[in-house]
Amino acid sequence: MTDPAGRGRSGPGRPLAGWRVLVTRPADRATGLVALLEAAGATTEVVPLIGIEPPDDPAPLDRAAAQVQAGRFDWIGLTSVHAVAALVAALDRAGGRTVPATRIAVVGAGTAAAARAAGLRVDVMPDRGGSAAELAACWPAEPGRTVLLPRSDQAAPTLPDALRSKGFIVTEVLAYRTVGRPVPPRTVRALRTGRVGAVLLASPSAAQALAAAVVPGGGADELVVGTIGSPTRAAAEAAGLTVTFTAAAPSDAALVAGLCAAVRDLAPRPVRGSSVAGTTLEPAARRRPPALDQDSAGPPVIHPTARTRQEAEPMPYPTERPRRLRRTPAIRRLVAETRLHPRDLVLPMFVKESLTEPVPLQSMPGVLQHTRESLRRAAVEAVEAGIGGLMLFGIPTHRDAVGSAATDPDGILNVAMADLRAEVGAETVLMADLCLDEFTDHGHCGVLTASGAVDNDATLVRYQDMGLALSAAGADLVGTSGMMDGQVAAVRSALDGAGALDTGIFAYGAKYASAFYGPFREAVDSALQGDRRTYQQQPGNRREAAREVALDIAEGADLIMVKPAMSYLDVLADVARDPAVTVPVAAYQISGEYAMIEAAAANGWIDRDRAVMESLVSIKRAGAQIVLTYWAVSVARRLTAGEDLG
């Protein structure tokens, strides 16, 4: 005999025997999953809860297709049959499917078959297909090459982030939208009455559609709910569903394995209901494991809330329950005290005069020294991601004692700034580092005396000339980072005297002599001899920062920065809360901060994505309105996709 949900006694080879499982994919994509479920003994019901629709505006995809035919892209990455269909349709609209110079990587056999059926050649496919991570792992590293990713509106950032970490310049374009479909009334009744014991969700849209149908009328808590991927789980929980498990990998096999494990964990106990071989079983969808303390170490602890009312011992309940406001992702978003937006982020970028191809930085995975051409492409990508601005650093071929290349109109920093002004100047804020350290043969931020000391006042004259050159090249803001006394007043005077009244000064008000600048010195090929402790601040001095900031504001600074960020959050908070600071406050998440997180994540010691977001939220929480970060583009995309801050 079986229970009302069609569940009976399972065996070792058929762990899902007697279970009725709802599969929410379109029928043409459910075949493999259904076969695995039925091989494990389940009865399946396929009810598509998602549909595929074209983007509201097809123009970006059409432009990308035209660029493919013009040879702009070295690679195309395809992660679904829907992406194949959308790209092929766009290529047809653009005049044809011939893409001889472009290589194509696909996520798995199904996508490969669709691409080949459309006449496209497949160059790369993982041996074990099915996930973006597996595709990224087998994709050969080619720093500076361009990749087009036609994507769903709900695609996770896994693949583009991984490709950028290999040095690729990635363009993501919306190819199709995944939308929820109403749940048929017959299926709603089956879910609410327990005739379906489990449901498998593979997209946020499907999760939202299911929750809209079953949560308001009850019955959702009686389902075993399995998901693929953290975005789907988050969407399900935000919509009010209780997720029983999330597949260990983004594959059908992992999803079925997760369901089998969940069934094994749901132990029978005597209740009124159906009997199987003389044993009375509670319907499995109602059999929940005890509530576990997931944050504690050691053996799982059964909470009093997992007991029956009769078993629980009387206790004085708290009258204050702050955890109510942490219960669901939706509530946590509503009451979040700190918010991060793409426009809060500024991307530092490096351009090197001698390069013919971009060069990845070993100490900063995903960060490049750019050529002028790759800089333009990367700037377009950054602006399309919605970030607030770009901060440019230049690396010249020739250096001398006074940093002549910094003020040469044809020097790399100035011509690259002019390139950006022409390419994206109307769409973002262009900033440039106003300092001599990248341009001097001794690596210091100013001119040296005969004894080797930095000559403060002689350096100010060079800063004035550099400010005028950057303003003429198109900079909206110049970043006075050299920590010379009087630098803001000197540059402001020169700009105003030349009529450059609209060029602003982004003053590095509190800049400390930090050990965390190490990877930056690789990025700019630093020639530094000695250290910078005679002009950058001593790490232990907090009050001194207030004095430096006050001086910069009095001299005409339009914005104030604290650098570094992580080790100086107390200083940042002081500056942000000072009522005398009436200009926007920024912080620079510097190279060492970036490198530490990337290195720890690469060793498997921390969760990279969570650590990145937590680090940025901490800087915002301390009071920064603007954050310079090498993760600006990837984080902006995650935020735009609706990812929670933590």
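Could you please state how large a percent of the accessible area of segment 414-508 is carbon and sulfur, counting protein chains only and using a 1.4 Å probe?
Roughly 51 percent, rounded to a whole number.
Got the relative contact order for segment 313-424 handy, in percent, Cα pairs under 8 Å and 6 or more residues apart? Each step should come with its number before you reach the end.
Working: 129 pairs, mean separation 29.0, N = 112.
For segment 313-424, the relative contact order is 26 percent.
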Roughly what angle does helix 591-602 make with the longest principal axis of the chain, taking Cα atoms, 0 to 90 degrees, to the nearest 10? 30 degrees
Any idea of V571's accessible area? Nearest 10 Å², probe 1.4 Å. 10 Å²
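Please give the peptides 485-496, 227-238 ranked by average Cβ packing (other Cβ atoms within 10 Å per residue), highest first, as a rough proxy for protection. Could the numbers behind the result be given before it?
Values: 485-496: 20.2, 227-238: 21.9.
So the peptides 485-496, 227-238, ranked by packing, come out 227-238, 485-496.
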Accessible area, probe 1.4 Å, largest first, for residues F516, F439: F516, F439
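Contour minus end-to-end for D57 and A101, with contour as 0.36 nm per residue of separation and end-to-end as the Cα-Cα distance? Walk me through the numbers on the way to the answer.
Values: separation 44, 0.36 × 44 = 15.84 nm, distance 2.72 nm.
Fully extending the segment from D57 to A101 adds 13.1 nm.
What FRET efficiency do you get for D441 and A117 if R0 is 35 Å and r is their Cβ-Cβ distance, rounded to the nearest 0.05?
That pair, D441 with A117, gives E of 0.05.
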Taking the chain as the reference, fit the longest principal axis to its C-alpha atoms, fit the long axis of helix 252-265 to the helix C-alpha atoms, and give the angle between the two in degrees, 0 to 90, nearest 10. 60 degrees
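Of the peptides 87-93, 464-470, how do they stack up when ordered by the mean number of other Cβ atoms within 10 Å, highest first?
Numbers: 87-93: 19.1, 464-470: 23.0.
Packing order, densest peptide first, comes out as 464-470, 87-93.
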Go through L551, L477 and list them by solvent-accessible area, largest first, probe radius 1.4 Å. L551, L477
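Which of the peptides 120-127, 145-152 is most tightly packed, and how do the rest follow, judged by the mean count of other Cβ atoms within 10 Å per residue? Walk me through the numbers on the way to the answer.
Details: 120-127: 15.5, 145-152: 23.4.
Ranking the peptides 120-127, 145-152 by packing returns 145-152, 120-127.
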Under 5 Å from the placed amide H of L448, counting only residues 5+ away or on other chains, we find D455
Against the longest alpha carbon principal axis of the chain, how many degrees, from 0 to 90 and to the nearest 10, is the axis of helix 59-69 turned? 70 degrees
Taking a label point 7 Å from the Cα of R332 along the Cα→Cβ vector, which residues of segment 611-646 have an amide N closer than 18 Å to it? 611-621, 638-646
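Quick one: with all protein chains in place, what share of the accessible area of segment 513-627 is carbon or sulfur, to the nearest percent (1.4 Å probe)? Walk me through the numbers on the way to the answer.
Details: 2740 of 5420 Å².
Its accessible area is 51 percent carbon and sulfur atoms.
As a test of the formula, what do you get for the chain when each DSSP H run with n ≥ 4 contributes -39,500 (n - 2.57) and the sum is divided by the residue count, at 222 nm and rounded to the nearest 500 deg cm²/dmol? Numbers along the way, then the final one.
Details: 21 runs with 225 residues, N = 646.
That comes out to -10500 deg cm²/dmol.
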Pairwise centroid distance, computed over Cα atoms, of segment 31-77 with segment 503-531, Å: 45 Å
Full-extension gain in nm, T193 to T449, via 0.36 nm per residue minus C-alpha separation: 83.6 nm
Extension length gain for T582 and Q529 (0.36 nm per residue less Cα distance), in nm, is 15.3 nm
How big is the antiparallel share of DSSP beta bridges in segment 427-511, given as a percent to the nearest 5? 10 percent
Extending each Cα 7 Å along its Cβ direction at A137 and A472, get the distance between those two points in nm, one decimal. 5.5 nm
Per residue accessible area in Å² of the chain, where ligands, DNA and RNA are left out and the probe is 1.4 Å: 44 Å²
Over the chain, calculate the relative contact order: mean separation of alpha carbon pairs under 8 Å at least 6 apart, over the residue count, as a percent. 10 percent
Please figure out what share of the DSSP beta bridges in the chain is antiparallel and state it in percent, rounded to the nearest 5. 15 percent
Would you kindly derive the ³J(HN,Hα) couplings of segment 338-345 from the backbone phi angles with the Karplus curve 6.51 cos²θ - 1.76 cosθ + 1.60 (θ = phi - 60°), listing them in order in whole Hz, with x for Gly and Pro? 10, 10, 10, 10, x, 5, 7, 9
Per-pair calculated FRET efficiency, R0 = 22 Å: A261 and V46 via Cβ, rounded to 0.05: 0.45
Cross-link pairs beyond the 22 Å C-alpha cut-off, checked among K511/K620; K166/K620; K563/K620: K166/K620
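The values are calculated or read from the model by the stated rules, or taken from the named source; none is laboratory data. Source: prediction; values computed, not measured. Every residue, glycine as well, gets a Cβ built from its backbone with ideal geometry; the counts of neighbours run over all protein chains shown. Accessible surface areas use protein heavy atoms only, side chains included; no ligands, DNA or RNA. Shrake-Rupley method; radii C 1.70, N 1.55, O 1.52, S 1.80 Å.
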